[in-house]
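A quick write-up on the structure given underneath.
The values are calculated or read from the model by the stated rules, or taken from the named source; none is laboratory data. Just so it is clear, the model here is predicted, and its values are computed rather than measured. Heads up, the Cβs are rebuilt from the backbone with ideal geometry, glycines too, and the neighbour counts pull from every protein chain shown. Calculation scope for accessible area: heavy atoms of the full protein, side chains included, ligands and nucleic acids excluded. Shrake-Rupley method; radii C 1.70, N 1.55, O 1.52, S 1.80 Å.
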Amino acid sequence: MNLAQIQFLSVATKVVTRGLGAIQALIIIRVLSSTEYGIVGLVMAIGGVIGVSQHLGIVDGAIREIAVRKKKDEIGKVFWVSHIARQAVTLPLSLALLALASFIAVRIYHRPEIVFYIQLFAGVLILQGLQDVLGATLTGMKKFTSLYIIQIITAGVNIAVFGYLTWRYHVTGFFWAIIITTLVMVVLLAAIIRKELSGHLVLPTWKDTKLYGKNLLHVG
């Protein structure tokens, strides 16, 4: 696949996913009250602070490191080390958010009703960490068609899951929908990577972890 075809597929995928995303947003806006929508926005903003701080360029580093590797054994090692590096940052931050959910909700924002939603979002951050590295792996391997198909499928699934759960359970349903749809994407991405790297996903040694980890963090 040449660059022009990749660019065309990328643009077409963005048009489709943005269109489906707009439909999803309209459904949520119609279902939730203004107060409920405000709660969703507040929790997303609190979680977003953690979400931004957990990146550290690890995803970009994973894309670069995988793209320059020719041997699948090396790609498999970069894959695992990328997960280790990402979760080494994500897990402590997510656990901190989980532990501090009550303090943030009650002492800072005086909204005790959002404690549970912050705790749910702490779990979302872990899943998003997995999703980001999985997506970076396919990008680095130049498996754009598979990646774009998964993005379109999950955008369609999002409409059904968010629409139903938000209608049925309102704010609680919204956050469970994030967990479910993120998990669906993680499973789909993992299935494709398992197929592409079958027999090459051997866990790295400590020496490999230090070597590839240094390269990842250097790029980051």
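For Leu32, work out the one condition from (1) surrounded by fewer than 19 Cβ atoms within 10 Å (Cβ to Cβ); (2) within 26 Å of Arg168 (Cα to Cα) it doesn't fulfil.
Status for Leu32: all satisfied but (1).
Can you tell which of Leu26, Leu42, Leu20 is of a type in the set (A, V, I, L, M), in a helix (DSSP H, G or I) and over 23 Å from Ile150 (Cα atoms)? Explain how you work it out, then say what you get.
Working: Leu26 fails: over 23 Å from Ile150 (Cα atoms); Leu20 fails: over 23 Å from Ile150 (Cα atoms).
Leu42 is the lone residue from the list that is of a type in the set (A, V, I, L, M), in a helix (DSSP H, G or I) and over 23 Å from Ile150 (Cα atoms).
Applying the selection to the range 119-158, what residues are closer than 21 Å to Val43 by Cα, touching a residue at least 60 places away in the same chain (Cβ under 8 Å) and of a type in the set (Val, Ile, Thr)?
Once the filter is applied, which keeps residues that are closer than 21 Å to Val43 by Cα, touching a residue at least 60 places away in the same chain (Cβ under 8 Å) and of a type in the set (Val, Ile, Thr), the range 119-158 yields only Val124.
So which residues in the range 180-190 are among the hydrophobic types (A, V, I, L, M, F, W, C) and farther than 14 Å from Gly76 by Cα? Give the steps one after another, and end with the answer.
Of all residues in the range 180-190, those among the hydrophobic types (A, V, I, L, M, F, W, C) come to 180, 183-190.
Within the range 180-190, Ile180, Leu183, Val184, Met185, Val186, Val187, Leu188, Leu189 meet the criteria.
Return the residue satisfying two criteria in turn: it lies in the range 9-21 and is surrounded by 11 or more Cβ atoms within 10 Å (Cβ to Cβ) and hydrophobic (A, V, I, L, M, F, W, C), and of such residues it is farthest from Phe162 (Cα to Cα).
Ranking the candidates gives Leu9 first.
Output the qualifying pairs, or none if there are none: Cβ atoms under 8 angstrom, residues six or more apart or on different chains, first residue in the range 163-183 and at positive phi, second residue of a type outside the set (Gly, Ala, Ser) and open to solvent by 20 Å² or more (accessible area, probe 1.4 Å).
Sorted first by the residue in the range 163-183, then by its partner, the pairs are His170/Val31; His170/Glu36.
Can we say Met141 is open to solvent by less than 40 Å² (accessible area, probe 1.4 Å) and either farther than 25 Å from Tyr37 by Cβ or of a type in the set (Gly, Ala, Ser) (or both)?
Yes: the conditions hold for Met141.
Given the conditions (1) touching a Pro at 6+ places or on another chain (Cβ under 7 Å); (2) without any contact (Cβ under 8 Å) to a residue 60 or more places away in the chain; (3) open to solvent by less than 20 Å² (accessible area, probe 1.4 Å), which single one is not true for Ala101?
(1)
Listed residues Val157, Val186, Val133; which is open to solvent by less than 60 Å² (accessible area, probe 1.4 Å) and touching a Lys or Arg at 6+ places or on another chain (Cβ under 6 Å)? Can you show your working first?
Details: Val157 fails: touching a Lys or Arg at 6+ places or on another chain (Cβ under 6 Å); Val186 fails: touching a Lys or Arg at 6+ places or on another chain (Cβ under 6 Å).
Answer to the selection: Val133.
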